[in-house]
Amino acid sequence: MHQCECDVCQADSDPVVEHYHRQMNLLLSRLNEPQRRWYVAVMSQAPGSASDHRLSLITGLDEKTIWRGRQELAANLADLAPDRQRREGGGRPPSEKKIRR
Ligand SMILES: [Zn+2]
């Protein structure tokens, strides 16, 4: 689990902020890589959110990764279907046009 590197946690000055950052990192530690960047990308767009630089210190994701997450969300995760992993395992073949008999 990533240890927050923001100034507040470093200075040990605000238990509420520290708790929040720990919870974020706890959640992130249970997500897979794309889920991590989408979560942080959503956080980055919250009204009054921390800057990407700060989110990067908090979460350990780099700013480029957060930016990429935002791009993917902006495109509605179009290229990243939720069932893609299952399909790659060789499920049902792609449906074809029905042929009239
Ligand atoms: Zn922090």
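The values are calculated or read from the model by the stated rules, or taken from the named source; none is laboratory data. All values derive from a computational prediction rather than experimental measurement. Cβ sites come from the backbone with ideal geometry, for glycine too, and all protein chains shown count toward neighbours. Just the protein is used for accessible areas: all its heavy atoms, side chains included, with ligands, DNA and RNA removed. Shrake-Rupley method; radii C 1.70, N 1.55, O 1.52, S 1.80 Å.
So which residues in the range 39-60 are open to solvent by 50 Å² or more (accessible area, probe 1.4 Å), near the ligand (Cβ under 10 Å from one of its atoms) and hydrophobic (A, V, I, L, M, F, W, C), if there are any at all?
The answer is Leu57, and nothing else.
Where residues in the range 78-87 are modelled with pLDDT of 75 or more and farther than 14 Å from Glu33 by Cα, which of them is least open to solvent (accessible area, probe 1.4 Å)?
Restricting attention to the range 78-87, the residues satisfying the condition of being modelled with pLDDT of 75 or more are 78-80.
From the residues that got through so far, the ones that are farther than 14 Å from Glu33 by Cα too are 78-79.
Working: Ala78: 75, Asp79: 129 Å².
Out of the qualifying residues, it is Ala78.
What are the residue pairs meeting all of these: first residue in the range 11-22, first residue more than 16 Å from Arg54 (Cβ to Cβ), second residue near the ligand (Cβ under 10 Å from one of its atoms) and of a type in the set (Asp, Glu), Cβ atoms under 9 Å, and 6 or more apart or on different chains?
Asp12/Glu18
Cβ-Cβ under 6 Å, sequence separation 6+ or interchain: first residue in the range 58-84 and under 20 Å from Met1 (Cα atoms), partner of a type in the set (Val, Ile, Thr) and within 16 Å of the ligand (Cβ to nearest atom). Which pairs?
Thr59/Val40; Leu61/Val40; Ile66/Val40
Name every residue in the range 1-38 that is open to solvent by less than 60 Å² (accessible area, probe 1.4 Å) and of a type in the set (Phe, Trp, Tyr), in order of residue number.
First, the residues of the range 1-38 that are open to solvent by less than 60 Å² (accessible area, probe 1.4 Å): 2, 4, 6, 8-9, 14, 17-18, 21, 24-25, 28-29, 31, 34, 37-38.
Selection gives Trp38 alone.
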